[in-house]
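Novice: This is the structure, below, for whatever I ask next.
What follows draws every value from the coordinates through simple rules; no lab data is involved. All values derive from a computational prediction rather than experimental measurement. Heads up, the Cβs are rebuilt from the backbone with ideal geometry, glycines too, and the neighbour counts pull from every protein chain shown.
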């Protein structure tokens, strides 16, 4: 991210470029973009203005699902937002460049997750290794896992990647039990392309 930030003028812009490029059919409002990138609304508005002037994004009206509290049914509200402009002249080379730079090594992922508990197994698949048909992108196994800390770590990785991550989390005893029973989700992860970032269990 540091190299990209220097090239493109800041981490906020890099995260927004990834968000639009890796979700080309989606539209986002300013509040959602700020939440996904973990940047301030003011900074997001400034970057959106620059990206719009550059022809990278365009305005789009869409229906946003609003969650209602206290068990109320979700409602849809017409919202003004932004989406990728597929006519952007440098879209193809920019997408290829960001994909080539969107590599997360073992140390990087482990460092993001280490405060979430005692990590025993971290496996990546899906978006991390360009396998879109994988059931999950990230498998996490550990002891004394802290859900809130883990959720925040995942959101940080999502902000850096520009894409939502499908992930599965297990405490070590639960994972070992499922592994012994040839649980379908576990087998779908292990029997198809994946990479082990950390393995203190000894998975074959």
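Novice: Can you tell me the FRET efficiency between residue 184 and residue 41 if r is taken as the Cβ-Cβ distance and R0 is 41 Å, rounded to the nearest 0.05? Could you put the intermediate results ahead of the total?
Specialist: Details: r = 42 Å, r/R0 = 1.04.
In this case the efficiency is close to 0.45.
Novice: May I ask you to compute the full-extension gain from residue 108 to residue 147, defined as 0.36 nm times their residue separation minus their alpha-carbon distance, rounded to one decimal in nm? Intermediate values should be presented prior to the final figure.
Specialist: Details: separation 39, 0.36 × 39 = 14.04 nm, distance 1.97 nm.
Between residue 108 and residue 147, full extension yields an extra 12.1 nm.
Novice: Looking at the square roots a ≥ b ≥ c of the eigenvalues of the Cα gyration tensor of region 106-199, which shape do they give, rounded for a/c under 1.5, prolate if a/b is larger than b/c, or oblate? The partial results should precede the final answer.
Specialist: Working: a/c = 1.82, a/b = 1.10, b/c = 1.66.
In terms of gyration-tensor shape, oblate.
Novice: Could I ask something else about it? So which residue, out of 153, 92, 110, gets the largest mean-square fluctuation from a GNM of the chain using Cα contacts under 10 Å as springs?
Specialist: Residue with maximal mean-square fluctuation among 153, 92, 110: 92.
Novice: Output the direction-averaged projected area (hull surface divided by four) of the convex hull of the alpha-carbon atoms of region 2-101, in nm². Mind dumping the intermediate values first?
Specialist: Working: hull surface 28.9 nm².
If I average the Cα hull's projected area over directions, I get 7.2 nm².
Novice: Beta carbons within 10 angstrom, averaged per residue: use that to sort the peptides 45-51, 76-82, highest first.
Specialist: Numbers: 45-51: 16.1, 76-82: 14.3.
My ranking of the peptides, most packed first, is 45-51, 76-82.
Novice: A further question on this structure: Take every DSSP beta bridge with both residues inside region 106-199 and express the antiparallel ones as a percent of the total, to the nearest 5.
Specialist: On the way: 10 of 15 bridges.
Just about 65 percent of them are antiparallel.
Novice: On to the next question. Could you tell me how many degrees, from 0 to 90 and to the nearest 10, lie between the Cα long axis of helix 41-53 and the main elongation axis, the longest principal axis, of the Cα atoms of the chain?
Specialist: The angle comes out at about 60 degrees.
Novice: Say R0 is 41 Å: what FRET efficiency, to the nearest 0.05, do residue 50 and residue 166 get from their beta-carbon distance? List each step's numbers first, then the result.
Specialist: Working: r = 31 Å, r/R0 = 0.76.
Efficiency, from the Cβ-Cβ distance: 0.85.
Novice: Under a 10 Å cutoff between Cα atoms, tell me which one of 151, 35, 191 has the largest fluctuation in the Gaussian network model of the chain.
Specialist: Per the Cα network of the chain with a 10 Å cutoff, 191 tops the list.
Novice: Could I ask something else about it? Considering all projection directions equally, how large on average is the shadow of the alpha-carbon convex hull of the chain, in square nanometres?
Specialist: Numbers: hull surface 53.1 nm².
That works out to 13.3 nm².
Novice: May I ask you to derive the relative contact order of region 71-179, considering only C-alpha pairs under 8 Å and at least 6 residues apart, and to give it as an integer percent? Present the calculation step by step, with values, prior to reporting the outcome.
Specialist: Working: 100 pairs, mean separation 24.4, N = 109.
Worked out over region 71-179, it gives 22 percent.
Novice: For the Cα atoms of the chain, what angle does the longest principal axis make with the long axis of helix 91-101, in degrees from 0 to 90, nearest 10?
Specialist: Its long axis makes an angle of about 30 degrees.
Novice: If a paramagnetic tag sat 7 Å from the Cα of residue 191 along the Cα-Cβ line, which residues of region 158-182 would have the backbone N under 16 Å from that point?
Specialist: Once the point is set 7 Å along Cα→Cβ of residue 191, 178-182 turn out to lie under 16 Å by backbone N, inside region 158-182.
Novice: If you average the alpha carbon positions of region 120-156 and of region 157-193, how far apart do those two centres end up, in angstrom?
Specialist: Each part reduced to its Cα centre gives a spacing of 7 Å.
Novice: Here's another thing I want to ask about it. Below 8 Å, C-alpha to C-alpha, sequence gap of six or more: please give me the relative contact order for region 2-101 in percent. If you can, show how the numbers build up before the last one.
Specialist: Details: 111 pairs, mean separation 26.9, N = 100.
Relative CO of region 2-101 lands at 27 percent.
Novice: Expressed as an acute angle from 0 to 90° and rounded to the nearest 10, what is the orientation of the C-alpha long axis of helix 11-21 relative to the principal long axis of the chain?
Specialist: 90
Novice: Below 8 Å, C-alpha to C-alpha, sequence gap of six or more: please give me the relative contact order for the chain in percent. Before the final figure, lay out each step's value.
Specialist: Values: 291 pairs, mean separation 44.3, N = 204.
Value for the chain: 22 percent.
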